[in-house]
Amino acid sequence: MEVLKEYWVFIVPLIIAELALMVAALTHVLRHSNYRFGSRALWIFIVVFFQIIGPLAYFIFGRGVDE
Amino acid sequence: MKHYLVFFKKELLEYNRTYKLLILLLVFLILGIMNPLTAKLTPDLLAKFMPEGVSITLPEPSSLDSWAQFYKNVTQMGLIVTILVFSGVLSSELSKGTLIILLTKGLPRRVVILAKYMSMLVLWSASILTSFLVTWAYTVYIFPDGKSANLLFSMFCLWLYGALLLAVLLLAATLVKSSYGSLLITGVVVVLLTILNIAPAIQQYNPLSLAAKNMDLVMQNIEPSSLFPAIGVTVLATVVLLFAAVVIFRKKQL
Amino acid sequence: MNILEIRQLHMSFGSNKVLNGLDMAVPEHSIFGFVGKNGAGKTTTMKIVLGLLKAASGSVTVCGEKVVYGDTKTNRHIGFLPDVPEFYGYMRPKEYLKLCGEITGLSAQAIRNRSEELLALVGLKDVNRRIGGFSRGMKQRLGIAQALLNEPRLLICDEPTSALDPIGRKQILDILAAIKGKTTVVFSTHILSDVERICDHIAVLDQGRLVLSGTISEIQKQYRRNSYSIRFAHPEQAARFAACEQLSSSAIKLEQEGNALTITIEEQAVDGQVLIDLLSQMQITPEKFEAMEPTLENLFTEVVQ
């Protein structure tokens, strides 16, 4: 908590940005059913549990071709 | 001119709807926040994980550490994500055939290449600028030491290096079919530049210097003018690559 | 006047000769069926006409202007529907038509009006989804709207119906038939019934050259044989009719199959009336009497061995 008090100026925007990325990826995973590889469950797991890298991996490699 | 604008607008719409815009801006924003944070936290963390009884004296972190993080992260993570995100901008259109209709409607092929390059450049500029401004604001806030110099010029150098890689990527996409192929070519070019950099005589002209000498600029170890030859070579190379991409794309059977 | 003229077109991919001195002329205001087997060179021909491929030799003119490879000016007269039209999946139909309209240089007002009109024509009026979720048939229909946007004098469709189910196919053919008169339509296909339904001109491509071309009625006249098919109630009746002496001439060929008889008369003087007279003389009422028109399918197999 000490850390949070001292560094909130960093941590709050950081968390917001990471959450935004995750939410964007997660809604895309849930709205579309075709992925270049992997299943919906796999991508949900990756997107939610791997901050930044997970959503990036989804958008760059996993997203289906159409849209 | 109208064609450029129309296709440029189409590209930006595509960036927005295919999440390219969101990804790049958020990643560079996150990097921008992380840079000063990492600089600030590293000594604390190191001290915490030292075995008990061992005491080391770490120098107080300064704005230089924050900028060192910036140039490390943007040249690695930042550029890699940028290239990955842009890897399909031309090749996916060619493999799917989405350009056929537009080309038969009288869209000049030259416009396709140049407008694509311009829009990539605009997004890359916005991304690196986001990261830069965020890092700069935090750094001024927590390390008001005024030790760092040449900040804008140093960022410009890295930006220009990125602009060169984007031109390489675009030319590669006119040469090979798959987006992985153009990624590979871009990777090979970076490796070649790295190998060339071993020879000190070439270093001065090597575009890679623009992404390697940034901290030397910030710490004032070198003069900005020492990078002018590399800047000249990079600008020239970018123009030549784009020209080649236009010429090759014109001759390409679709 | 010919809206499209192709002269002595040669083209090969590697050692494979695709076009071998193709000559073709498409008159204005026709619906022109461009028929050939898969791989006969139809798509290649179309791509050359659009300046997307470079021919080894030969010339193509559209509305009297020569087509050059690359950015060709002649494309302003042409609307093109590729065999599988590919769109930007992230756009909506109206946005896509706007993009196309802006590229061809239509005014904003014209784009709005034409888009409304064309989306209604192809039955996509109230579809405001992104194109990414469209079916094959919907994409094909949007493809037609896109091709007609700048009111082209020539509409080129590459196999517009072959990937579709019967309903989608009918919709496309109806649209093409509806624009007849305003626009010249060239469409390639290997489905002959589509040609029969809407085309007035036809050209058959085989081994890189035209083996048959003209208006459908001309061709049918030219290939018409004096040929009749009669179905009798019993096979014996058919045999009895076949055996009568009036028909035992070298100019008359008879073919019996069960209770059906096919009669081909090579002699122009003799026609169906003779057969009908003969039937009444013999007091036979056939179940069916038919003068055989050459079907496109028969013609096609005849000219394309």
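Would you confirm whether any residue within region B:77-93 is among the polar types (S, T, N, Q) and modelled with pLDDT of 95 or more? So that I can check it myself, show each step before the final result.
Going through region B:77-93, the residues among the polar types (S, T, N, Q) turn out to be B:82, B:87, B:91-92.
Right, trim to modelled with pLDDT of 95 or more and you get B:82.
Yes, that holds for at least one residue.
Output the number of residues of region B:205-254 satisfying the condition of being within 14 Å of chain C (Cβ to nearest Cβ) and outside any helix (DSSP H, G or I).
Final tally of qualifying residues: 3.
Name the residues in region C:169-190 that are more than 15 Å from residue C:151 (Cα to Cα) and open to solvent by 10 Å² or more (accessible area, probe 1.4 Å), would you?
Hits for region C:169-190 are C:169, C:170, C:171, C:174, C:177, C:190.
Taking the residues in region A:46-59 that are more than 11 Å from chain B (Cβ to nearest Cβ) and surrounded by 14 or more Cβ atoms within 10 Å (Cβ to Cβ) as candidates, determine which candidate is nearest to residue B:86 (Cα to Cα).
Looking only at region A:46-59, we keep the residues that are more than 11 Å from chain B (Cβ to nearest Cβ), and these are A:46-50, A:54.
Checking the rest, the ones that are also surrounded by 14 or more Cβ atoms within 10 Å (Cβ to Cβ) come to A:46-48, A:50, A:54.
Values: A:46: 22, A:47: 21, A:48: 24, A:50: 22, A:54: 18 Å.
The extreme case among them is A:54.
Would you check if residue C:25 is assigned by TED's automatic domain parsing to the domain that holds residue C:183, touching an Asp or Glu at 6+ places or on another chain (Cβ under 9 Å) and either under 26 Å from residue C:198 (Cβ atoms) or open to solvent by 50 Å² or more (accessible area, probe 1.4 Å) (or both)? Let's see the steps before the verdict.
Working: assigned by TED's automatic domain parsing to the domain that holds residue C:183: yes; touching an Asp or Glu at 6+ places or on another chain (Cβ under 9 Å): yes; either under 26 Å from residue C:198 (Cβ atoms) or open to solvent by 50 Å² or more (accessible area, probe 1.4 Å) (or both): yes.
Here the answer is yes, as residue C:25 does meet what is asked.
Taking region C:30-79, which residues are within 10 Å of chain B (Cβ to nearest Cβ), touching a residue at least 40 places away in the same chain (Cβ under 8 Å) and open to solvent by 10 Å² or more (accessible area, probe 1.4 Å)?
Selection gives C:53, C:76.
Does region A:60-67 contain any residue that is at pLDDT 90 or above, of a type in the set (Val, Ile, Thr) and open to solvent by 40 Å² or more (accessible area, probe 1.4 Å)? Explain how you work it out, then say what you get.
The initial filter retains those residues of region A:60-67 that are at pLDDT 90 or above, namely none.
There is no residue in region A:60-67 that is at pLDDT 90 or above, of a type in the set (Val, Ile, Thr) and open to solvent by 40 Å² or more (accessible area, probe 1.4 Å).
Quick check on my filter: what residues within region C:36-76 are out of contact with any Leu (no Cβ under 6 Å at 6 or more places or on another chain), closer than 16 Å to residue C:157 by Cα and of a type in the set (A, V, I, L, M)?
C:46, C:48, C:49, C:50
Going by the structure shown, is residue B:29 more than 14 Å from chain C (Cβ to nearest Cβ), modelled with pLDDT of 95 or more and either under 26 Å from the mean Cα position of the chain (by Cα) or closer than 24 Å to residue B:73 by Cα (or both)? So that I can check it myself, show each step before the final result.
Working: more than 14 Å from chain C (Cβ to nearest Cβ): yes; modelled with pLDDT of 95 or more: yes; either under 26 Å from the mean Cα position of the chain (by Cα) or closer than 24 Å to residue B:73 by Cα (or both): yes.
Spelling it out, residue B:29 is indeed more than 14 Å from chain C (Cβ to nearest Cβ), modelled with pLDDT of 95 or more and either under 26 Å from the mean Cα position of the chain (by Cα) or closer than 24 Å to residue B:73 by Cα (or both).
Filter region C:204-243 for residues that are within 15 Å of the chain's Cα centre (by Cα), modelled with pLDDT of 85 or more and polar (S, T, N, Q) and give the result.
Matches in region C:204-243: C:213, C:215.
Answer yes or no as to whether residue B:71 is surrounded by 18 or more Cβ atoms within 10 Å (Cβ to Cβ) and within 14 Å of chain C (Cβ to nearest Cβ). First the steps, then the outcome.
On the way: surrounded by 18 or more Cβ atoms within 10 Å (Cβ to Cβ): yes; within 14 Å of chain C (Cβ to nearest Cβ): no.
It is false that residue B:71 is surrounded by 18 or more Cβ atoms within 10 Å (Cβ to Cβ) and within 14 Å of chain C (Cβ to nearest Cβ).
Looking for something over 21 Å from residue B:89 (Cα atoms), open to solvent by 40 Å² or more (accessible area, probe 1.4 Å) and in contact (Cβ under 8 Å) with a residue 40 or more places away in the chain - is there at least one such residue anywhere in region B:190-197? Steps first, please.
We begin by selecting, within region B:190-197, every residue over 21 Å from residue B:89 (Cα atoms); these are B:191-197.
Restricting the remaining residues to those that are open to solvent by 40 Å² or more (accessible area, probe 1.4 Å) gives B:191-192, B:194-196.
Next, from what is left, pick out any that are in contact (Cβ under 8 Å) with a residue 40 or more places away in the chain: none.
No; the residues of region B:190-197 include none that is over 21 Å from residue B:89 (Cα atoms), open to solvent by 40 Å² or more (accessible area, probe 1.4 Å) and in contact (Cβ under 8 Å) with a residue 40 or more places away in the chain.
Does residue C:145 qualify as being open to solvent by less than 10 Å² (accessible area, probe 1.4 Å), closer than 17 Å to residue C:123 by Cβ and not acidic (Asp, Glu)? Steps first, please.
Working: open to solvent by less than 10 Å² (accessible area, probe 1.4 Å): yes; closer than 17 Å to residue C:123 by Cβ: yes; not acidic (Asp, Glu): yes.
So residue C:145 passes the test.
Do you know which residues across region B:147-174 are over 15 Å from the mean Cα position of the chain (by Cα), assigned to a helix (DSSP H, G or I) and polar (S, T, N, Q)?
Across region B:147-174, the qualifying residue is only B:174.
The values are calculated or read from the model by the stated rules, or taken from the named source; none is laboratory data. Bear in mind the structure is a predicted one, so any value in this text is a computation, not a measurement. Reconstructed Cβ throughout: ideal geometry from the backbone, glycine too, with neighbour counts over all protein chains shown. Protein only, heavy atoms only, side chains kept; ligands, DNA and RNA dropped before computing areas. Shrake-Rupley method; radii C 1.70, N 1.55, O 1.52, S 1.80 Å.
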